[in-house]
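First the structure, which I've put down as structure tokens, then a few questions once you've had a look.
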Amino acid sequence: MTELKLKTDTRQANWRRANPDRYLSHVAVQKALTQGKLVKGPCEVCGSRIVDAHHDDYSKPLTVRWLCRRHHSRLHAGGEDMFCEKGQAHEHR
């Protein structure tokens, strides 16, 4: 596990210390976006252009799925399967 040397004791810093691989994956995505090596796509579910990067595997930091905040939250909350086969309609609630 990677040890992070963070100077603050905030909730966010504590999460980063507890989840260094996840944090470093988030940093890698932001860096790649800034450098133009990664480009945001639309939400895989609804097509919204305002999206978050979702990692299925943190060992592959630049392999992400683009999801709007609503669908990203739903996926984390219940693992909701919103990614049906192509050609099938997605259920929107």
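Since every read-out is calculated from the coordinates, none of them should be taken as a lab result. In this text the structure is predicted, and so the values were computed from the model without any measurement. As a convention, Cβ positions derive from the backbone with ideal geometry for all residues, glycine included, and neighbour counts pool all protein chains shown.
Full-extension gain between residue 49 and residue 8, please, as 0.36 nm times their residue separation minus the C-alpha to C-alpha distance.
11.4 nm
Multiply the residue separation of residue 39 and residue 70 by 0.36 nm, subtract the distance between their alpha-carbon atoms, and state the gained length in nm to one decimal.
Contour length minus Cα-Cα distance gives 9.1 nm.
The stretch 13-79: which trypsin sites (Lys or Arg not before Pro) are DSSP loop and have at most 16 other beta-carbon atoms within 10 angstrom?
37, 40, 49
Same structure, new question: With the crude spin-label approximation of a point 7 Å out along Cα→Cβ, what separation in nm comes out for residue 19 versus residue 77?
Placing both labels 7 Å along Cα→Cβ, they lie 1.7 nm apart.
OK, next. In cubic angstrom, how much convex hull volume per residue do the alpha carbon atoms of the stretch 11-78 span?
100 Å³
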